[in-house]
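Notes to accompany the following structure.
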Amino acid sequence: MVKHGIDMRTMTYDVCIIGAGPGGLRAAWECAQNSLATIILDKKKAVGLPVHCGECLSAAAVQNTGLDLPAEVIAKRVRGVRLIFPDDSARKIIESGYVLNKDKFEQWLAHKAFQKGCLIRLNNEVCNLKCKDDRWELGMRSGDCYCAKIVIDASGVHSVVNKRLRLNSPYKTIVGLQYTVEGIDSDSWLDFYLWPHLAPDGYLWVIPKDKRCANVGLITSHPSGLKEKLNRFISQLGVKKFRITRTCGGRIPVSGPLAATFANRLLIIGDAAGFTSPIFKGGTHLALKSGCLAASVAINALKNNDFSSKSFSCYQSLWKQHFPNYDALLKGRRFLNSFTESQLNMLARYMPDNVETFSTIQKGRTGLAILFTSPGLLMRGGPQVMKAFELSRARWYGW
Ligand SMILES: Cc1cc2nc3c(=O)[nH]c(=O)nc-3n(C[C@H](O)[C@H](O)[C@H](O)COP(=O)(O)OP(=O)(O)OC[C@H]3O[C@@H](n4cnc5c(N)ncnc54)[C@H](O)[C@@H]3O)c2cc1C
């Protein structure tokens, strides 16, 4: 741990990032590129592994977060999202994107950060944090200690800052399970199935990866019998012969952003801050973007030698400017979760074939049609649900 005569554990870094997921790595790259002494700590043994993700990322996300993806991180190009309702009717959100090799994607981000001078320490679990005057002290499970002027918490849904510092009340989470399956036919669409009999308060997906290979998964608030539900889903898709090559799963925060995403010399990003899409539950786009925003706040604080609360509160204002209207999204999600299968089918009838081209005039006509033919759907929040789908497009960080 001694490099060029300096003990890396006792030096004070400008920025210490906890967690080498997409959010932490993007923040690290940005900080190191701006000449900050940056270290990233992760408890895992290898960046990107194990994969716990459906691996899709929109082209809008790639552009919005300043990435130029190399070919090896892309498993497949896709045309957008196809929403499939209980009666099998489909509605499209045409927005191109990628299915990634997420492990390679995260390793590429790590390489970029490393090339800019960021130190990456794996196998290092942060167990304690203490803010002492002008710096944070981070205690490792191994007993080592690292110091930094600013900490960025990118430690995901089981955030060490949320656990240790209790700045906020805990968020709600739901649980996901996914198989990578060989022997399944798919095309160039991300198929999202709104089938509450198998995935109440969530949905199921088929995300094509390669020839006859796809990520098939579900996310739901009902954690019992996940495997049985996923197996039933695969058999309902008519797939008879298949081979599971990978199983993964995890929790996703679903109650929206934390009330306080910053504190004294501290910024919280990605899943740790509760930044996921309320409808589609993805969080990679939001993690990457909040990583960029947090890095810009840290860079300014160090450049101006301004570590005041006002300097860090900019972060909260910044993400509120960029991210979607969470109140509208969470309201729409509540209504959506209360829909029966027949109400979902009815909703599909009023949705345009392509959600992306739903003009204001069409919306007005649809509102009137619902009012005269299905007033019940109006009462049950049909328009709010449609609004939430609209706000879940890639440009609004939906995926
Ligand atoms: C089944 C499933 C499928 C999903 N599919 C998609 C999808 O297709 N598209 C999408 O956009 N999103 C998807 N998501 C969500 C997506 O994976 C997350 O939103 C995203 O990874 C969040 O990135 P992050 O950098 O905030 O956190 P994470 O990727 O969770 O990274 C956190 C890192 O912190 C490390 N860490 C945690 N605690 C400590 C500690 N105490 N000390 C040191 N290190 C620590 C962890 O090891 C980890 O490497 C899915 C999630 C699940 C569970």
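What follows draws every value from the coordinates through simple rules; no lab data is involved. Bear in mind that the values here come from a model prediction, so they are computed numbers and not experimental data. For neighbour counting, all protein chains shown are included, and Cβ atoms are generated from backbone atoms with ideal geometry for every residue, glycine included.
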Next item on the list: State the volume of the convex hull built on the alpha-carbon positions of region 326-396, expressed per residue in Å³ and rounded to an integer.
Entry: 87 Å³
Check: Simple spin-label model, 7 Å along Cα-to-Cβ: N304 to F372 in nm?
Finding: 5.7 nm
Next item on the list: Rank Y193, P324, S342 by how far each Cα sits towards the positive end of the charge dipole of the chain (+1 on Lys, Arg Cβ; -1 on Asp, Glu Cβ) and give me just the farthest.
Entry: S342
Notebook entry, point to check: Between the helical axis of 102-115 and the dominant principal axis of the chain, each derived from Cα atoms, what acute angle in degrees is found, rounded to the nearest 10?
Noted result: 30 degrees
Check: What's log10 of I(q)/I(0) for the chain at q = 0.08, 0.10, 0.11 Å⁻¹, Debye sum over Cα points only, no solvent?
Finding: -0.43, -0.67, -0.80
Margin query: Compute a Gaussian network model of the chain, connecting alpha carbons closer than 10 Å, and tell me which residue from A388, A295, A263 fluctuates the most.
Written below: A263
Check: Roughly what would the spin-label model give for D353 and D144, points 7 Å off Cα along C-beta, in nm?
Finding: 5.8 nm
Notebook entry, point to check: Suppose R0 equals 25 Å; then what is the FRET efficiency for N345 and D185 from their Cβ-Cβ distance, rounded to the nearest 0.05?
Noted result: 0.50
Check: For region 244-339, what relative contact order do you get, as a whole percent, if you take Cα pairs closer than 8 Å and at least 6 residues apart?
Finding: 29 percent
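State, as an integer percentage, the relative contact order of region 1-113 based on alpha-carbon contacts under 8 Å between residues 6 or more apart. Walk me through the intermediate numbers first.
Details: 157 pairs, mean separation 32.5, N = 113.
Relative contact order comes out at 29 percent.
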Checklist line | Set of region 140-180 residues, backbone N closer than 13 Å to the point 7 Å along the Cα-Cβ line of N337 | finding: 171-175
Next item on the list: Take every DSSP beta bridge whose two residues both sit in the chain, then give the antiparallel share in percent to the nearest 5.
Entry: 70 percent
Check: How far, in degrees from 0 to 90, does helix 341-350 lean away from the longest principal axis of the Cα atoms of the chain, to the nearest 10?
Finding: 90 degrees
Check: Gaussian network model of the chain, Cα springs within a sub-10 Å range: biggest mean-square fluctuation belongs to which of K331, K102, K209?
Finding: K331
Next item on the list: For N123 and I361, calculate 0.36 nm times their separation in residues minus their Cα-Cα distance, and state this gained length in nm to one decimal.
Entry: 80.1 nm
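Using only alpha carbon pairs under 8 Å that are at least six residues apart, calculate the relative contact order of the chain and give it in whole percent. Present the calculation step by step, with values, prior to reporting the outcome.
Working: 854 pairs, mean separation 79.7, N = 399.
Taking the mean separation of contacting Cα pairs over the length of the chain, I get 20 percent.
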Checklist line | Cβ-based net charge around G291, under 9 Å, with every Lys or Arg adding one and every Asp or Glu removing one | finding: +1
